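Have a look at the structure below, then the notes.
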Amino acid sequence: MELMNENKKMQQLIGSTLRIGVMTACCIAVLGGAYYLICHGSEPVPDYYKFHGEPSSLTSLSGIFGGLLHLKAANWIQLGVLVLMLTPITRILLSLFDFAHQRDWLYVTITMIVFLVILSNSLGGIL
Amino acid sequence: MTVLTFTIILICSAFLAGLLGSLTGLGGGVVVIPVLTLCFNIDFHYAIGAALVASIATSSGSASAYVKEGITNIRLGMFLEIATTIGAVGGAIIALWMPTNIIAVIFGLVLILTSAMQMRRKVDHTNVVGSELARKLKLYGTYPTKDGEKKYELTNVGGGFSVMLGAGVLSGLLGIGSGALKVLAMDAAMKVPFKVSTTTSNFMIGVTAVASAVVYIQRGYIAPGIAFPIMIGVLGGSLFGARLLKRLDVTVLRKIFVFAILLVAINMIYNGIMGKF
């Protein structure tokens, strides 16, 4: 019964994390987006019809965070995207702690593998 | 066209895409790609970036409720995420050298598979005898039904795992959740109850999409000017869709939409073969 309650608590926590993460990301995107429209709303649409790739100020962590301080609207939107991406990752870490707490080492290993795949991918993604 | 008008039209289209995705059960990302490429003529790369954002947002948003209700099998999802994330990494690498027109054709084929899966009759497996491996991995679970908690067992872990690898590759390549393949792996191969399959698939989509999103954002696929209208619109549309689903019977509506999706799929394949992307 104890374990059942623990499981229920974890389900609630994971559920809330997902909801709060998505809502935070969406709020940042709304604010950043509104600010983006104030700055660039009357300009013509950028050339999305051919792929150029976004500049490095919008594709790397240092670039994105650097632009936040200079109040660049596009960077604030990217922050929203980053928070959105962190939501499932946070969920993985929560599960990791939960499995460790239950002393379920098999699932600690499984969760760790998933986390490492994502981590190595984000480090190696620049290649 | 100014950025302002572009953004407003994009938010409205994304809202419809999210609504369509949630009413048909196809997911947010799938509808975003044809809308951006066919209606707006936006480059396929940017469309993939936007679809990833949409997939993560809708998956995490709706998974939240199912996890709380205890329908999602978290262990099963976690275990299969090994396959989908590794697959997604592979897919993102393949996308580097594969021509966009071929990616468009593959996308059309996945769309057809997805629609076909929606038409299928949903019958739950009864008296499944679970395999030894599934028991060792603690994949058996329970889920709430009208008559209280119901226990289930599952089988063919290897088969399900391989199909998940494929689902991961497609997610990485196309930026979509490929929920249909995930459900196929759990429902058809592993004999997991349908409700558990769909909710666990939804739960896994966020993590799978993130595994490739970390690559795509660094390659410059995610344009802020497209990402924010898509995120807001798709999320709003799918929340509205979830409300509608509770209130009215959408069987007929769903059939019309699935038919519309089939037409879109044919259009994508045709344009891909003609080299329009």
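The values are calculated or read from the model by the stated rules, or taken from the named source; none is laboratory data. Model, not experiment: these values are computed from the prediction. Neighbour counts are summed over all protein chains in view; Cβ atoms, including those assigned to glycine, are modelled from backbone coordinates with ideal geometry. For accessibility, only protein heavy atoms count, side chains too; no ligands or nucleic acids. Shrake-Rupley method; radii C 1.70, N 1.55, O 1.52, S 1.80 Å.
Per-structure values
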read-out: Residue within the stretch A:6-19 that is open to solvent by 50 Å² or more (accessible area, probe 1.4 Å), more than 7 Å from every other protein chain (Cβ to nearest Cβ) and touching a Leu at 6+ places or on another chain (Cβ under 9 Å) present; value: yes
read-out: Counted residues, the stretch B:45-96 - those being β-branched (Val, Ile, Thr), open to solvent by 10 Å² or more (accessible area, probe 1.4 Å) and within 15 Å of the chain's Cα centre (by Cα); value: 1
read-out: Single residue of the stretch A:42-58 satisfying the filter (outside any loop (DSSP other than H, G, I, E, B) and either under 15 Å from B:Ile9 (Cβ atoms) or open to solvent by less than 80 Å² (accessible area, probe 1.4 Å) (or both)) that is farthest from the other protein chains (Cβ to nearest Cβ); value: A:Ser57
read-out: B:Ala211, sole failed condition from (1) crowded, with 24+ Cβ neighbours inside 10 Å; (2) out of contact with any Ser or Thr (no Cβ under 7 Å at 6 or more places or on another chain); (3) over 20 Å from B:Gln118 (Cα atoms); (4) small (Gly, Ala, Ser); value: (2)
read-out: Counted residues, the stretch B:26-58 - those being more than 8 Å from every other protein chain (Cβ to nearest Cβ) and assigned to a helix (DSSP H, G or I); value: 21
read-out: Filter result for B:Val105 (more than 14 Å from B:Val196 (Cβ to Cβ), under 25 Å from the mean Cα position of the chain (by Cα), surrounded by 15 or more Cβ atoms within 10 Å (Cβ to Cβ) and not basic (Lys, Arg)); value: yes
read-out: Any hit, the stretch B:192-203, residues being touching a residue at least 40 places away in the same chain (Cβ under 8 Å), part of a helix (DSSP H, G or I) and touching a Leu at 6+ places or on another chain (Cβ under 7 Å); value: yes
read-out: Given (1) under 24 Å from B:Ile11 (Cα atoms); (2) within 8 Å of chain B (Cβ to nearest Cβ); (3) within 15 Å of the chain's Cα centre (by Cα); (4) not aromatic (Phe, Trp, Tyr), number of the condition A:Val30 does not satisfy; value: (3)
